[in-house]
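The values are calculated or read from the model by the stated rules, or taken from the named source; none is laboratory data. Since the model is a prediction, treat every value here as computed from it, not as a measurement. FYI the Cβ positions are ideal-geometry reconstructions off the backbone, even for glycines, and counts take in every protein chain you see.
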Amino acid sequence: MSDSGTSGVAKRQLSTNDQVLAGLCCYERELKLVMTSKAAKTRLKPTRFLVQEHHARQLHYDFRLEVAGVLKSWALPKGPSLDPADKRLAVMVDDHPLEYFAFEGIIPVGQYGAGAVVVWDQGQYDLLEGDDPLEALNGGKVVIELHGETLRGGFVLIKMKGRGEKNWLLIKKKDGHGRAGWTLSPALTKEKEAALKEKTPPCKAH
């Protein structure tokens with residue numbers, strides 16, 4: 001074979017290799033885009049929140065966020081608020097199982113947390129800062145947007161410095177959903193209480 005023939009074959013081989021490499025690069029770019037898109041969708045997937053009104057020995061409200069397969073929970077003596085000026089104490093309590101979500105009933109006398117429990121609000125939430133709620137919790141600050149029937153817009157859960165591991169504050173962010181002078185209205189009415197049945201929760205009620 002002449003030198004010119006050999007050169008032509010080599011050029012064709014180089015051209016084919018270039019096409020293969022170009023195809024691989026294109027595939028890798030598309031795969032990266034797909035994986036990035038899936039990761040973003042996973043991070044942005046909304047999860048649930050719940051507020052229960054608990055008429056135990058002392059009335060309080062339980063604020064719960066679905067995180068890592070459990071309900072991270074805080075007891076709010078005064079309940080949540082839509083007024084950004086209010087800084088509501090939120091005492092972290094034990095994690096609750098997901099089965100506790102939307103629990104309503106009257107916990108029998110003699111059991112822990114005896115009294116009526118009703119759902120005050122529920123919905124979904126998104127993180128406004130970061131993409132891992134567990135990491136945010138470990139860092140002592142969780143910034144979220146709530147999509148409930150009553151609680152809407154941005155909220156901040158922040159651990160109080162120098163007050164131990166359990167004392168947090170729940171604060172409404174200043175946005176279009178804030179309501180100056182807002183007051184909480186209980187969900188439990190006489191009619192609703194009459195319709196409740198005695199029920200044992202799937203865990204200790206806080």
Selection count where residues are assigned to a loop (DSSP other than H, G, I, E, B) and buried (at least 20 other Cβ atoms within 10 Å of the Cβ), scope segment 93-102: 0
Hey, ALA136 assigned to a helix (DSSP H, G or I) and in contact with an Asp or Glu (Cβ under 8 Å, 6 or more places away or on another chain) or not: yes
Filter result for the condition that a residue is over 23 Å from ALA68 (Cβ atoms) and crowded, with 18+ Cβ neighbours inside 10 Å, over LYS159, LYS197, LYS172: LYS172
Residue match in segment 50-61 (condition: buried (at least 19 other Cβ atoms within 10 Å of the Cβ) and hydrophobic (A, V, I, L, M, F, W, C)): yes
The lone exception for LEU188 - which of (1) in contact with a Phe, Trp or Tyr (Cβ under 6 Å, 6 or more places away or on another chain); (2) modelled with pLDDT of 95 or more; (3) more than 15 Å from VAL67 (Cβ to Cβ) it fails: (1)
Close pairs (9 angstrom Cβ cut-off, 6 or more residues apart or separate chains): over 19 Å from VAL156 (Cα atoms) and in contact (Cβ under 8 Å) with a residue 12 or more places away in the chain in segment 54-82, assigned to a loop (DSSP other than H, G, I, E, B) and of a type in the set (D, E, K, R) anywhere: HIS60/LYS78
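Condition check ((1) more than 11 Å from the chain's Cα centre (by Cα); (2) assigned to a strand (DSSP E or B); (3) of a type in the set (D, E, K, R)) across all residues:
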{"residue": "GLU53", "(1), (2), (3)": "yes, yes, yes"}
{"residue": "LEU65", "(1), (2), (3)": "no, yes, no"}
{"residue": "TRP74", "(1), (2), (3)": "yes, yes, no"}
{"residue": "GLY79", "(1), (2), (3)": "yes, no, no"}
{"residue": "VAL91", "(1), (2), (3)": "yes, yes, no"}
{"residue": "GLN124", "(1), (2), (3)": "no, yes, no"}
When residues of segment 130-156 are limited to those that are farther than 20 Å from LEU89 by Cβ and in contact with a helix residue (DSSP H, G or I) (Cβ under 7 Å, 6 or more places away or on another chain), the one surrounded by the fewest Cβ atoms within 10 Å (Cβ to Cβ): ASP131
Residues of segment 170-204 that turn out to be small (Gly, Ala, Ser) and part of a helix (DSSP H, G or I), as a count: 2
Unmet criterion (only one of (1) more than 22 Å from PRO186 (Cα to Cα); (2) surrounded by 14 or more Cβ atoms within 10 Å (Cβ to Cβ); (3) in contact with a Lys or Arg (Cβ under 7 Å, 6 or more places away or on another chain); (4) touching a residue at least 40 places away in the same chain (Cβ under 8 Å)) for ILE106: (1)
